[in-house]
Structure formats: C-alpha cells, structure tokens
1. Please list 3J(HN,Hα) in residue order for the range 298-306, calculated via the Karplus relation 6.51 cos²θ - 1.76 cosθ + 1.60 where θ = phi - 60°; whole Hz, with x for glycine and proline.
2. Could you list 68, 88 so that the one with the fewest beta carbons within 10 Å of its beta carbon is first and the one with the most is last?
3. State which entries of 54/289; 185/241; 179/232; 54/304; 104/290; 32/104 exceed 19 angstrom in Cα-Cα distance in the structure shown.
4. What is the order of 259, 221, fewest Cβ neighbours within 10 Å to most?
5. What ranking of 133, 67 emerges when the number of other C-beta atoms within 10 Å of each C-beta is taken as an exposure proxy, fewest first?
6. Once the Cβ-Cβ distance between residue 87 and residue 134 is put in as r, and R0 is 25 Å, what FRET efficiency do you end up with, to the nearest 0.05?
7. For the range 123-172 and the range 257-277, what is the separation of their C-alpha centers, rounded to whole Å?
8. Residue 304 versus residue 53, label points 7 Å from Cα toward the beta carbon: distance in nm?
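FYI, it's all coordinate maths here, none of it is from the lab. The structure presented is a predicted model; accordingly, all values stated were derived computationally and were not measured. Quick reminder, even Gly has a Cβ in these numbers, built from the backbone with ideal geometry, and neighbours come from all protein chains shown.
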Amino acid sequence: MTDNTSSYIKEASDLLGTQNGSQKIWAIGGGKGGVGKSLVTSNLAICLSLLGMKVVIIDMDLGGANLHTCLGVPIPEKTLSDYFAKSHTKLDELLTPTLLPNLKLISGAQDELGIANLRQVHKSKLISHLRELDADYILLDLGAGTTSNTLDFFLSADQGILVTLPEPTSIENTYRFIKSVFHRKLALMEDFLEISPIVDKVLNSKMSEKNTPSEIIEKAMKIDPVMGQRLKNEIEAYSPKLIINQCRTQADIDIGFSMKIISKKYFGLNLDYVGFLEYDATVWQSVKKKRPLILEFPGSSLVKNFESIIHRVLNLSKKNV
Ligand SMILES: Nc1ncnc2c1ncn2[C@@H]1O[C@H](COP(=O)(O)OP(=O)(O)O)[C@@H](O)[C@H]1O
Ligand SMILES: [Mg+2]
C-alpha cells in the first residue's frame, strides 16, 4: 500500500466514522434552518453533562453561529475562524466555559466563511482532530443544507441525528437530506469497499435517472451478489436517529413512525425514531432570557421529552417513542 493510498483510506475511514475511538461524536443536522437543530444540540449536550459526562459542543453553523446564545454565554473570543486561519491554533484553545462545569463550547466562525466554502484540507484537519479533544461526547450542530461538507461531517459522526418539523416542507427536506447522505456514503464506500465497478454498472444502467437507493442495492446484488451484499450490510448497519420537533398533536408524533417506514422502503435506510419534542412557549421564553431551557424550566414537559430522547439515544431504554 502506498502512502497515498493509506492516507486516502484513513481519510475515507475518518469520513465514514469507522474508527474505534472511545469518544462518541454526535452530529445534529437535516432539514432547513429554524427546525430546532441548535435547540436540540444544546439541550442534549446539557442532558449529557448533567448525567456526569464531559461534553464539548461545536457550532458548525459557520457564518450563522448562535449556539452560544442557546447556552447562555457571550460570543466567545476564539472561534473556528482562528483555527482555520492560523495553523498553530489548537482545537482545545477554542474551548469556552459554559454555565455547566463539564460542558464546553467551541464557537463557529463569526465571519462569512460558510460551511460550503470550507476547504478540504480544513475539513480533514478538523475531523481528524475532533477525537483528540478531552471529552466523552462531542456534539456538532451542523446548521442547514446538504453541501458535501455538511454531509461529510454528518457521516463522520458515530451518531447522526436528524431534526424535522411535522410539516410537509420540512419532511421533504429531511428526505432530501437522507437521499444526499445515502449518495455521499455510497461515493465514499465505492473505493473503500472496492465496489466501484458494480456501482458504476448500476448507475450506468438504463434506470439510472430514477434509481432509488434501495433499487441501487437490489441491482448491485444481482450484478455481484458478494459485493452487493457488502453494500447492503453497510447501508443496513447505518441508522441515523430522527427527532420530530414542535409536535402539537398525536398525528404530529406519529409522523416519525411513517417516516421510518418510508425511509426503509425507498432508501433502504433504517431510521431510528428516538422521540419527539412538544411545541412549547418555554423555548422562546428561555431564548429571550438567554438561558438554557433545561436550566430555566427543569420541570417542563419539554425537558421530559429531552430526557426520554437522551435515554433512547444512549440505549438506556428500549421503550417505543
Ligand atoms: N419545541 C419548540 N417549541 C417552541 N418553539 C420552538 C421549538 N423548537 C424551536 N422553536 C423555535 O424555533 C426557533 C429556531 O430554532 P433553532 O434551534 O434555532 O433552529 P435551527 O438551529 O434548526 O435553525 C427557536 O428560536 C425557537 O423560538
Ligand atoms: Mg441553528
């Protein structure tokens, strides 16, 4: 194996999140802006730190960074802008204290960088340095969009968590995100699993225009059962989590179950519906006060929703949503 090949495989492996590090990286993404990604990231991070975990939360919404407000801290002095601009800046120099002793924040860039403009070299640097942080959990708030950089951060995490609203536009956006994740994962796996010849064949065959992910896998199985099976196993093992935010009715809550079924049928992807969050006025009240929801309204039903989600994601409870 040449140095080039091994560094390529290391990079693909980093992007596919296949290393055996003990830290758990969670990436929160999907959908458009305003669906509650920052609310979810900040409150899951607080839940974890209240459980005694050492947590670092990173605002990857480059250009639109506002996670510090959700956590009730002023704009940090050093941000990811410094990390990308100055090669000697270490990731742990960016750690900013929050109201909780074992929760630290790394703030997003305050300039117009934007995640889409993040250079490959910076992305790889950040992904490979993440696991060097002294933390049990690292939570990434990915911001909106489906640029390849966002997808790569989503895929490099140990857990991908999607947040959606129970309304058609948001649901459509989430399916679009899932489909983009699938295509990006396929592209990264092609060389990693040496399956590119069959993937090329499948994509070049006459149905390529409307190939759904599950059709791609089915065709790959026909062309080469062994390679097709490897592809199928990889996809089946991949299980992003789903949270439905701003639920007002039981029908809203149930959308998570239908999304799980549809995602399996059309994308061959196992979505894990880990819970819902109610629509609740305490959210804007805490945003207005610049205080984290969980600390400001510990007895609210929204906080109970968060606790139940964290139990599901940590596998502490197998109970259905
Ligand atoms: N469960 C909820 N109940 C009430 N309002 C909410 C809820 N979730 C989010 N919001 C409102 O939506 C706004 C956007 O949420 P945010 O977490 O900033 O979304 P994103 O990070 O996806 O852009 C928040 O300022 C808040 O007022
Ligand atoms: Mg946000």
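1. x, x, 6, 6, 5, 5, 5, 4, 5
2. 88, 68
3. Working: 54/289 26 Å; 185/241 16 Å; 179/232 15 Å; 54/304 21 Å; 104/290 17 Å; 32/104 26 Å.
Checking Cα-Cα distances, 54/289; 54/304; 32/104 exceed 19 Å.
4. Exposure proxy ranking, most exposed first: 221, 259.
5. Numbers: 133 19, 67 27.
So the ranking, lowest neighbour count to highest, is 133, 67.
6. 0.70
7. Their Cα centres are 18 Å away from one another.
8. A separation of 2.3 nm, rounded to one decimal place.
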